[in-house]
Structures are given as C-alpha cells and as structure tokens.
Amino acid sequence: MNAKTLTRLKEIVGPRGFSEDASVIAPHLEEWRSKYKGSSPLMLQPDSTEQVSRILAVCHETATPIVPQGGNTGLVGGQIPFNGEVLLSLERLNRITGIDVENQSMSVEAGVVLAAAQSAAREKGLLFPLSLAAEGSATIGGNLSTNAGGVNVLRYGMMRDLVLGLEAVLADGRTLNLMTALRKDNTGYDLKQIFVGAEGTLGIITAAILKLFPEPKTRATVFVAISSPAAAVRLLAGMQADSGGQISAFELIPRIGLELITHHIAGARDPLSKHSPWYVLVEATSAVQFDLDTAIERSLASAGEMGLVSDAVIAKSESQRAALWSLRENMSEAQKREGPSIKHDVSVPVSAIPEFLERATAAVLSAIPGARAVSFGHIGDGNIHFNFSAPIGADGVGFLARWQEIQRIVHDIVHEFGGSISAEHGIGVQKRDQLVRYKSAVEMDLMRTLKRALDPKNILNPGKVVAI
C-alpha cells in the first residue's frame, strides 16, 4: 500500500486517531468464532463524520480499499480486512447526540454501543427494542449495516424498521445527510434503506436517528416445555391471540441446547423438573398496567388441555427473568465451548418451520451420521439458527472441512421453502458466492449496478456481499 497515502490518512485523524501497532490492531482482525482472520497495516479511528469524509475522499482519489468496522461482532466475515486493506474503526464516533421524548426518537453516532443506546432510552422512560446477545459490544452502525434482528423482531421489527434517519459518507467522500426524524416522508426514493443491510459496501454509516417506544410497564417471561416445533408454532398463535398481540419474543430451544448450557455455563440450571425434547422462552410486554401473568397462565392452561404444553415456569422476579434469558443468550457460547460446529442463519415462513426442521435435519444427518442438531432461535419470526455440533469423538478439523457441503444441502432446502439463507447475520464473504444460486439474475444485476454506481472504484469493503 502506498506509504504517501497512508501518511495522508494518518494526518486526517491525528496521532490519537490511528494505530500501526500490530498488537493493537490484532483484536480487530479476527471475528468471535475465529473462523475469519485478516490483516491490515493501518487502523484509522476517526472521531467525526468530517474526518470520515476526508478519509474516503483520499481513498477514492488513490483507489485505496478500506474496510469499516463497528464492534467486530459480525459472524460472516463482513467486517474483516482480508487483503491488507485499511481498517476503519468507528468506535470513537460514540456520542448520543439527542433524545426527543415527544417524538420518541434518539440521535446517535455510528459507534454507540447498542447497550448504551438501550440505557439512554430507558433513562427517559423509553425503549429501544433491538436486543441481542452481543449488545454489550455491537454498535449501532454495525447493527444498521447488517440489518440486525435479535429477539424482539416479532413485536418491533428488524433494524430496518427501527431507523428514521441516517447519515452516510459515500465512496467519494461526499456526506449524505438524511438525518430526519419524520415517520412519514414520501418524497421519492427512500435512500437511507440502501445503506441498511449493505455491510458498508455502498457507503459508511456515521449517524442515525432511531425509533423509540414506550417502556414496558408490565412484563411476563415464561419458560415452557413442549413436545415439538409444530407445538411451538401452534402455541405462538394461541398466545398471541390470548395476550392481544403482546408477545414480543418467542424463542425455540432444543433439549440438547439446554444440556450444553447447564454443562458449560457456570450457574446455569434447568428451570423445570422433567426433561422435554423442546422448549420455548416467551416474553410478553405491555406499555400499560396489565395483568400479563394471568393472561399468560390462562393461555398456557388452554394449551396444556390441547396437549401443546407439558410444563412451564413463569418468572416472579427480575432475577428469575434474567436467569431464564441467560439460558437463551448463552446458547452460542455453550455450543462454542462444546467444540466445532457448522452453523446456519436461515429463515422460512413460520408455518413451515416444523417441516423444514424435519427435512433439513434428516438431510444433514444422512451426510454426517452422529452430527448433533442444535436448532434454536427466533421461531416467532421464522429465523432459525440451524446449527450442528460435531459427532462425539469426531475429528473437528474434518468436520469443519465439510462446512460448504452441508451449507449447500441446508440452503437448497431453505430455498425450496421460499426462505432466506441469511436472516440476520448478513452475507459478508461467507455467503457471497452463494447468492447467485438463490437470487435471480435480475436481482444480482441490480445489486452489481448499484455497487458500481455508488462505489465505481470498489474501495468500500471490497469482496463482501457481491463480487464485481
């Protein structure tokens, strides 16, 4: 990489805004699962949109590739510089610049950590509903760039639904200011949505205005034993009707997942006395005073009479609620500690979940006998983390070497159901080459056209999402 260009970039951010120290850069070059590792001679850490603008102007002029990064919590390699690109960390853009209580909106910079945004909203008696296991590290810019989902999509939607306004710096350094808090604006193309889910390939998000909601006044959290995913789908419909649509989270957990958690996570315990093949963690919330516990208990009693539920426990305190949620939130960590696993982030119509799980599990076990299915996730919105741990005693390296083969099997079945091969994790490099198999030629042509139009020199996160 041109030394003169690197010097120009360092001058833009000043001595506190960059690092060439390999030990400092190293944690930013490897993702959480250690599946992807990269390299970069320089990490820039701008503290303003103006600095990001000047950085991209230089990169565009000199055709210098650059990879943006938020909290480095992505799982598909989208935030990793694989070919020695400049790394652009947005962590110093971390200011919450305003909360409009009457408009129920919040203005933030891209580097604000999700948990900090949640806390700031809560201090004003409001709710920012995006919630996911990595919320203590993930940043708003990264959440927007990957169109993050999490556990509350059922009630509040994905990140795409939670953004009112947005600021992004284009590849040539121009700043696109779309920082409006309007809920209705029908004046042409909704340009902000171009950048949501684009993983930094079309522009770099530097700020956003987020949609807030009334903070829940009452909450009911229940851990339920069920016989099958089919029972879970029926239970979801019943509980939504019985609660008046107050279900905000509905998470599927298999027995093996609960066993992995209680084995690997200190302090975790099975909340029920008898084993069940499947469970769901359900949370209902209301912004008004409402006896949710009674409504949920009645719904569960009715479901029990229909044979859908065999046991359940309702959290009676915040500590009990936290303990139940820790079972779901530690699922990925427990599977990581168990050893090698092949993972999929897929979605199908909610009604198709039982048949999908049956067919896809059988197909994978036919290819790898003894593989252990650990299917869990956001059944309320059709998003399943369809994972397989290696067979007990198997060669882990050999098992992981079959990742692409198994992914093809699973994704082909997902496609048959009209589903998506990436529900919330994004495309990155992991699934880039698979898009052409599952998207139409017209879709791929339009994606490439958009990329070329906004980033003609292919400097923004090159090689991610779509190849040109």
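Checking the conditions here, which among S299, S317, S273 is out of contact with any strand residue (DSSP E or B) (no Cβ under 8 Å at 6 or more places or on another chain), hydroxyl-bearing (S, T, Y) and surrounded by fewer than 19 Cβ atoms within 10 Å (Cβ to Cβ)? Let's see the steps before the verdict.
Working: S299 fails: surrounded by fewer than 19 Cβ atoms within 10 Å (Cβ to Cβ); S273 fails: out of contact with any strand residue (DSSP E or B) (no Cβ under 8 Å at 6 or more places or on another chain).
None of the others qualify; the one that does is S317.
Can you find a residue that is of a type in the set (K, R), assigned to a strand (DSSP E or B) and more than 23 Å from V169 (Cα to Cα) anywhere in region 32-49?
Initially, region 32-49 is screened for residues of a type in the set (K, R), giving 33, 35, 37.
Adding the requirement that they be assigned to a strand (DSSP E or B) leaves 37.
With more than 23 Å from V169 (Cα to Cα) added as a condition, the list becomes 37.
For region 32-49, residues of a type in the set (K, R), assigned to a strand (DSSP E or B) and more than 23 Å from V169 (Cα to Cα): present.
Before we move on, is I409 at pLDDT 95 or above, outside any strand (DSSP E or B), within 20 Å of E333 (Cβ to Cβ) and outside the structural domain of L130 (by TED's automatic domain parsing)?
Values: at pLDDT 95 or above: yes; outside any strand (DSSP E or B): yes; within 20 Å of E333 (Cβ to Cβ): no; outside the structural domain of L130 (by TED's automatic domain parsing): yes.
For I409, the condition - at pLDDT 95 or above, outside any strand (DSSP E or B), within 20 Å of E333 (Cβ to Cβ) and outside the structural domain of L130 (by TED's automatic domain parsing) - is not met.
Counting only residues that are in a helix (DSSP H, G or I) and within 11 Å of V309 (Cβ to Cβ), how many does region 227-255 have? I'd like the intermediate steps shown before the answer.
Narrowing region 227-255 to residues in a helix (DSSP H, G or I): 229-242, 255.
Filter again for within 11 Å of V309 (Cβ to Cβ), leaving 231-232, 234-235, 238-239.
Number of matching residues: 6.
Quick check on this structure: which one of E338, E283 is under 16 Å from I253 (Cα atoms), in contact (Cβ under 8 Å) with a residue 60 or more places away in the chain and not aliphatic (A, V, I, L, M)?
Result: E283 is the single residue among E338, E283 that is under 16 Å from I253 (Cα atoms), in contact (Cβ under 8 Å) with a residue 60 or more places away in the chain and not aliphatic (A, V, I, L, M).
Exactly one condition in (1) surrounded by fewer than 19 Cβ atoms within 10 Å (Cβ to Cβ); (2) not in a loop (DSSP other than H, G, I, E, B) is not met by N143; state its number.
For N143, the failing item is (1).
I need the full set of residues from region 451-468 which are out of contact with any strand residue (DSSP E or B) (no Cβ under 9 Å at 6 or more places or on another chain), closer than 17 Å to V169 by Cβ and surrounded by fewer than 20 Cβ atoms within 10 Å (Cβ to Cβ), in order please.
A453, P456, K457, N458
Please work out if V224 is touching a strand residue (DSSP E or B) at 6+ places or on another chain (Cβ under 7 Å), β-branched (V, I, T) and at pLDDT 95 or above.
Here the answer is yes, as V224 does meet what is asked.
V67 - would you say it is touching a strand residue (DSSP E or B) at 6+ places or on another chain (Cβ under 8 Å), within 26 Å of N177 (Cβ to Cβ) and in a strand (DSSP E or B)?
Answer is yes for this residue.
Step by step: first the residues of region 181-197, then only those that are within 30 Å of N458 (Cα to Cα) and in contact with a Lys or Arg (Cβ under 9 Å, 6 or more places away or on another chain), then the one that is surrounded by the fewest Cβ atoms within 10 Å (Cβ to Cβ). Which residue is that?
Result: Q193.
Of all residues in region 176-226 being hydroxyl-bearing (S, T, Y) and assigned to a loop (DSSP other than H, G, I, E, B), which is nearest to the chain's Cα centre (by Cα)? Before you say what the answer is, go through the steps one by one.
Restricting attention to region 176-226, the residues satisfying the condition of being hydroxyl-bearing (S, T, Y) are 180, 187, 189, 201, 206, 218, 221.
Next, from what is left, pick out any that are assigned to a loop (DSSP other than H, G, I, E, B): 180, 187, 189, 201.
Working: T180: 25, T187: 30, Y189: 26, T201: 17 Å.
Here the answer is T201.
Do we find a residue being of a type outside the set (A, V, I, L, M), touching a His at 6+ places or on another chain (Cβ under 7 Å) and under 30 Å from W32 (Cα atoms) anywhere in region 326-341?
Checking region 326-341: at least one residue is of a type outside the set (A, V, I, L, M), touching a His at 6+ places or on another chain (Cβ under 7 Å) and under 30 Å from W32 (Cα atoms).
Within the bounds of region 364-379, is there any residue that is under 25 Å from I427 (Cβ atoms), of a type in the set (V, I, T) and modelled with pLDDT under 95?
Yes: one or more hits.
State yes or no: is S243 of a type outside the set (F, W, Y), surrounded by fewer than 17 Cβ atoms within 10 Å (Cβ to Cβ) and more than 23 Å from the chain's Cα centre (by Cα)?
Taking the combined requirement at face value, the residue does not satisfy it.
Mind checking which residues of region 95-110 are in a loop (DSSP other than H, G, I, E, B) and either surrounded by fewer than 17 Cβ atoms within 10 Å (Cβ to Cβ) or not assigned by TED's automatic domain parsing to the domain that holds L144 (or both)?
R95, V101, E102, N103
Filtering region 20-38 down to residues that are modelled with pLDDT of 90 or more and of a type in the set (G, A, S), which residue is nearest to G84 (Cα to Cα)?
Going through the qualifying residues, I end up with G38.
From (1) under 13 Å from the mean Cα position of the chain (by Cα); (2) farther than 30 Å from T62 by Cβ; (3) not charged (D, E, K, R), pick out the condition that doesn't hold for Q104.
(1)
The values are calculated or read from the model by the stated rules, or taken from the named source; none is laboratory data. Note that the coordinates shown come from a computational prediction; the quantities given were computed from them, not determined experimentally. Positions of Cβ are generated from backbone atoms using ideal geometry, with glycine treated the same way; all protein chains shown enter the neighbour counts.
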